[in-house]
Structures are given as structure tokens and as C-alpha cells.
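K.L.:
What follows is a structure written as C-alpha cells; I'll ask about it next.
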Amino acid sequence: MADPKLHHYVPQFYLRRFTDSAERLWVWDRTNDRVFRTQPKAVAAESNFYTLPQLVDHGHSPMEMEKQFADLEGQAAAITGQWLDWVRCGHPGDSLPMPEENREAISLFLALQSLRTADARAILVAFSALRGYQAESEEDARALHAAVLWDDELVSAYADRMSRCTWLFALNLTSVPFVTSDNPLAFRTSDSRAWVKPGNLGRDAYVVYPLAPDVIMYCYPDEGVWRDSNVSRFDCQISPVLMTEGMVQSENSAQVFMASRFIVSSRKSFSFEREFLKTMGVDPNTPSIAE
């Protein structure tokens with residue numbers, strides 16, 4: 001069987017959770033202000049995005065990284081699928097079963113999801129140029145990105161930080177669905193006033209990750225204001241706070257800010273997202289803080 005040439009930096013299993021009744025996604029291309037309908041396989045992917053021809057010289061498949069992501073995605077699909085069932089059937093304050101091996105797998109998945117996207121690659125290339133290394137070609141950019149993704153010390157430290165977070169889940173029963181994007185792991189400052197990019201570098205920033213149109217996950221770090229707030233008592237629980245439409249839209253604004261280009265939804269309307277983009281006041285592709 002031929003190796004796939006189209007590599008997804010946001011997994012297809014995840015995108016399928018945002019499809020409509022016809023199993024299609026509604027996508028807003030914020031760069032061209034165009035809305036279209038498509039299949040999950042056609043979004044958040046690029047040809048040979050993780051292909052590393054140089055691995056052949058060392059006796060490895062050039063598809064090694066893509067295969068490793070596929071294995072991890074299989075675990076994440078099963079675990080988060082169970083979470084969705086539990087949250088949808090549960091009640092505010094209920095605790096979710098969380099075996100340690102599941103927590104470790106999802107922590108690694110979240111860390112890599114933050115680091116593996118096209119947006120992360122672009123930021124890495126830009127920061128490296130500031131430090132004197134210029135990626136002259138797409139192959140150079142892939143190699144630079146791979147060096148980060150295969151940095152065991154860096155990724156393990158990031159995954160460990162995710163694991164030590166307080167994980168809180170919220171159910172959205174409003175008529176406004178959560179949206180996602182081609183860079184879905186969002187980071188918000190501790191005062192909730194700004195989204196940050198790249199957020200994993202910001203102290204006290206917490207993670208906001210939509211799992212489906214009706215379920216969202218929050219990860220609060222075990223440091224700074226969050227340690228003082230004793231939020232850890234809510235670990236692996238369904239939030240006692242009921243989501244309002246305004247709260248859902250606030251979380252959706254993160255996807256507009258974080259996206260490289262595409263915002264994804266289970267419905268056609270992107271009126272709020274369009275209006276939010278107008279208020280950002282900065283180049284949306286610039287790593288910065290959105291007020």
C-alpha cells in the first residue's frame with residue numbers, strides 16, 4: 001500500500017467531530033474571506049509535510065514521523081471518544097475516569113499538536129532566522145521542524161507540563177457550536193484578557209482545546225496564579241459552570257486568532273468570527289498578543 005502523500009497536521013479523526021449531518025465541514029478561509037464545504041481529509045494538511053528524505057541515508061523510512069503521529073492519533077481518538085461520551089452523559093461536577101496511561105498519552109498528544117502545525121513551523125522558521133539560521137528551502141524548514149518534534153527532552157518536558165495541569169471539561173448546550181481551526185490548541189493569559197501565540201512559552205497561560213462542537217477542554221498549569229487558586233480540586237471534572245452563547249463565542253475567538261488560515265465549523269455561519277477578526281488590530285499571522 002502506497003504511503004499517503006497528504007499529511008495532516010490536525011488529525012482527521014478530530015476534524016470529523018466537527019462535521020455536519022452530511023459528514024462535511026464548513027470552512028472559512030480568513031485570508032480570502034471565503035466559506036466553502038469540504039471533507040475532513042482536505043483541511044489542515046499539506047503534501048509531504050512530514051516527509052524527510054534524509055532519513056533514507058540512515059536506513060529509515062522518510063515517512064517515519066508521519067507513521068509515529070498515526071500511532072499516537074489512534075490512541076488519542078479512542079481516549080477522547082470515551083471522554084465525549086462521558087461528558088455528554090454526565091452532570092456538572094461529575095468526575096471522569098482517568099487512568100494514568102491515558103493521561104500520559106493525551107499529554108503527549110496535546111504537546112505535539114501544539115508543535116506540529118504549519119503555524120508552529122512558520123514561527124519556528126521566523127525565530128530561527130532572528131537567531132542567524134535561515135531556512136533556504138522547504139526541505140530545510142521540514143528538517144528544522146523535525147529537530148524540534150524529535151527533541152525528546154523538549155517534548156517530554158512539554159508533555160509533563162500538560163500532564164500536571166488541571167483538566168476541566170465543559171459541555172456546550174447553547175445553539176452556538178464551538179469551532180476549531182488548522183491550529184486548534186489555544187492559549188489564554190491567566191486574566192483571560194488575551195490569547196497568546198506561541199502560547200506554550202507564556203507563564204500562567206492556560207490551554208483551551210475544543211473537543212467537539214459541544215465539548216471543550218481546559219488545562220490550567222500547576223504554577224503561578226493557578227496554583228494559588230486551588231483549581232486543582234476540579235481536575236478531571238465536568239465544569240459546574242454552564243456555558244452561555246457569549247462564553248462559547250469567546251472561546252471561538254481563540255480559533256480565529258490561532259488559525260494559520262482556516263476556521264472549521266459544523267455549520268455555515270461565521271458572522272461572529274468575521275467580526276472578531278476585524279477587532280484584533282494586528283496582523284493575524286504575527287506571533288503576538290491579541291487584546
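The values are calculated or read from the model by the stated rules, or taken from the named source; none is laboratory data. Keep in mind it's a predicted model, so treat the numbers as computed, not measured. Here the Cβ is made from the backbone with ideal geometry for all residues, glycine too, and neighbour counts use every protein chain on show. Note: accessible area is taken over every heavy atom of the protein model, side chains too, but ligands, DNA and RNA are not part of it. Shrake-Rupley method; radii C 1.70, N 1.55, O 1.52, S 1.80 Å.
K.L.:
Roughly what % antiparallel, to the nearest 5, for the DSSP beta bridges in the chain?
P.N.:
On the way: 32 of 34 bridges.
Bridges in the chain that DSSP calls antiparallel: roughly 95 percent.
K.L.:
Using the Kirkwood formula over every pair of different C-alpha atoms, what hydrodynamic radius in Å results for region 158-284? Mind showing how you got there, number by number?
P.N.:
On the way: mean 1/r = 0.0668 Å⁻¹.
By the Kirkwood definition, the hydrodynamic radius is 15.0 Å.
K.L.:
Over all alpha-carbon pairs of region 1-114, lay out the pair-distance distribution in 5 Å bins, whole %, shortest bin first.
P.N.:
Calculated over all Cα pairs of region 1-114, the distribution is 2, 9, 15, 17, 18, 15, 12, 7, 3, 1, 0 percent.
K.L.:
Let me ask you something else. For a quick check: with amide H placed at 1.01 Å from N, whose amide H comes under 5 Å from Asp182's, ignoring anything fewer than 5 positions away on the same chain?
P.N.:
Those lying under 5 Å, H to H, from Asp182 are Ser260, Arg261, Phe262.
K.L.:
Give the carbon-plus-sulfur fraction of the accessible surface of region 192-236 in %, rounded to a whole number; probe 1.4 Å, heavy atoms of protein chains only.
P.N.:
Details: 860 of 1850 Å².
Taking all protein chains in place, region 192-236 shows 47 percent carbon and sulfur surface.
K.L.:
Rounded to the nearest 10 Å², what accessible area does Thr38 have for a 1.4 Å probe in the complete protein model?
P.N.:
20
K.L.:
By accessible area of protein heavy atoms, probe 1.4 Å, what ranking do Leu242, Leu124 get, highest first? Working shown, then result.
P.N.:
On the way: Leu242 125, Leu124 40 Å².
Ranked from most to least accessible, the order is Leu242, Leu124.
K.L.:
Per the chain: cysteines with no other Cys C-beta under 4.7 angstrom?
P.N.:
Cys89, Cys236
K.L.:
Quick one: helix 64-89 against the long Cα principal axis of the chain, what's the angle to the nearest 10°, folded into 0 to 90?
P.N.:
10
K.L.:
Cα-Cα pairs above 18 Å in region 219-282: how many percent? Don't skip to the answer; put the middle values down first.
P.N.:
On the way: 1091 of 2016 pairs.
Within region 219-282, distances greater than 18 Å cover 54 percent of Cα pairs.
K.L.:
Compute, for Glu245, the solvent-accessible surface of its heavy atoms (probe 1.4 Å) with the complete set of protein chains present, and express it in square angstrom to the nearest 10.
P.N.:
My reading of the accessible area for Glu245 is about 90 Å².
K.L.:
Is it possible to state the helix-based mean residue ellipticity at 222 nm for the chain, with each DSSP H run of 4+ residues giving -39500 (n - 2.57), the sum divided by total residues, to the nearest 500 deg cm²/dmol? What is it? Show your work: numbers first, answer last.
P.N.:
On the way: 9 runs with 113 residues, N = 291.
Roughly -12000 deg cm²/dmol at 222 nm, from the helical runs in the chain.
K.L.:
Turning to a different aspect of this structure: What does DSSP give for region 1-149 in terms of the percent of beta bridges that are antiparallel, rounded to the nearest 5? It would help to have the intermediate numbers written out before the result.
P.N.:
Numbers: 8 of 8 bridges.
Counting only bridges with both partners in region 1-149, antiparallel ones make up about 100 percent.
K.L.:
What is the Cα coordinate range of the chain on the first, second and third principal axes, sorted by size from largest, in whole angstrom?
P.N.:
Result, largest extent first: 54, 42, 42 Å.
K.L.:
Turning to a different aspect of this structure: To the nearest 10 square angstrom, what accessible area does Leu171 show with a 1.4 Å probe?
P.N.:
Probe radius 1.4 Å; accessible area of Leu171 about 40 Å².
K.L.:
Moving to a separate point now. Which whole-number value in Å² is the accessible area per residue of the chain, probe 1.4 Å?
P.N.:
Numbers: 13560 Å² over 291 residues.
So the chain comes to 47 Å² accessible per residue, rounded to a whole number.
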